[in-house]
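Inspection log for the structure reproduced underneath, given as structure tokens.
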Amino acid sequence: MQLSVIIPTYNRKEKLKACLQALSAQSYPASEYEVLIVDDGSSDGTESFASARGLMKPGQLRYFRQPQKGPAAARNAGVANARGRILLFLGDDIMASPGLLERHSAWHAANAGADAALLGYVTWAETLKVTPFMKWLENGGPQFGYGELTDGAEADPARFFYTCNISLKKEFVTGNGLFDEDFKWAAYEDLELGLRLKARGLKLYYDKKAAAWHDHRTTLSAACARMLKVGESAELFRVKTGGAEAGRPAPFYLKVLRALRFSVYFPLARVLEHTAVSGHVFKYVMWYYRRRGAETFWKNRSGKA
């Protein structure tokens, strides 16, 4: 077994089905890879679906279920049960291009060092109607930073350890640190691990041809809700890494000024979401919700003290 594809999932049965269909159509030999689904306590019938036969060859698709602990814990469960020497992390809403697994495997064959890892490219699925807001999210926004990378060059693991499409040697992960399960949301749990693995010598390279598609339409409202969790996770990351605290309560006058600015920017962002890219407006709205999430983190932390 060369390659173990690890997919954490939670209540996305239909997306997961499409993800698995793309993996079953790979150019890579079926005998050389396995797919591990780690169900993080789904309630939408994921278990009965994933346990059904027919999607892949017997033994190739393996299903694990855990009480809801978050994607970090789910990936750790996948690592613990993986039989391949190379681990490929994908999201449950990621559709692999037909040659994705072959591309990752060939790269690792040519770069056999335990500390060598490969980051693949992810962009919006062609079947989606990409709004100006979605376009900004992955080009200057908080979604991805692929535009900052050079194809074939190194990428900083502390900034680009994207678990939507990344592969590395199992021996390096198990020998140098797993995901921190204190992170309960899909935010910063991957970058925190990337930072630790970088300190242990991980070398991450970028291959734009190792491509996959993100089949997950989002909206401004959904992104705002996500930024609340991002804010909480960002502060946990700061605590874990000794960074400066960003979410401590601001002076009253500053809160008022921020709220006034938000009262203008948010309605404007709602209009621009479907009409034009405005990084300045979108960025402030995302930052505002992230700040609220950070404040929630410190409020909860004070309550537990």
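The values are calculated or read from the model by the stated rules, or taken from the named source; none is laboratory data. Keep in mind that this is a model prediction, so the values were computed, not measured. Every residue, glycine among them, receives a Cβ derived from its backbone with ideal geometry; neighbour counts consider all protein chains shown.
General remarks:
- Search result, residues across the stretch 23-41 that are buried (at least 19 other Cβ atoms within 10 Å of the Cβ), outside any strand (DSSP E or B) and not charged (D, E, K, R): 23, 26, 28
- Options 132, 142: the member that is modelled with pLDDT of 95 or more, over 24 Å from residue 31 (Cβ atoms) and surrounded by fewer than 20 Cβ atoms within 10 Å (Cβ to Cβ): 132
- Exclusive hit being closer than 12 Å to residue 5 by Cβ and at pLDDT 95 or above, set 91, 99, 113: 91
- Residue 240 vs. criteria modelled with pLDDT under 95, assigned to a helix (DSSP H, G or I) and under 30 Å from residue 181 (Cβ atoms): yes
- When residues of the stretch 186-196 are limited to those that are of a type in the set (A, V, I, L, M, F, W, C) and assigned to a helix (DSSP H, G or I), the one surrounded by the most Cβ atoms within 10 Å (Cβ to Cβ): 193
- Sole exception among (1) surrounded by 15 or more Cβ atoms within 10 Å (Cβ to Cβ); (2) within 20 Å of residue 233 (Cβ to Cβ) for residue 300, by number: (1)
- Any hit, the stretch 241-250, residues being crowded, with 17+ Cβ neighbours inside 10 Å and either not hydrophobic (A, V, I, L, M, F, W, C) or not assigned by TED's automatic domain parsing to the domain that holds residue 149 (or both): yes
- Screening the candidates 223, 234, 199, 269 for the property of being buried (at least 17 other Cβ atoms within 10 Å of the Cβ) and under 26 Å from residue 76 (Cβ atoms) yields one hit, 234.
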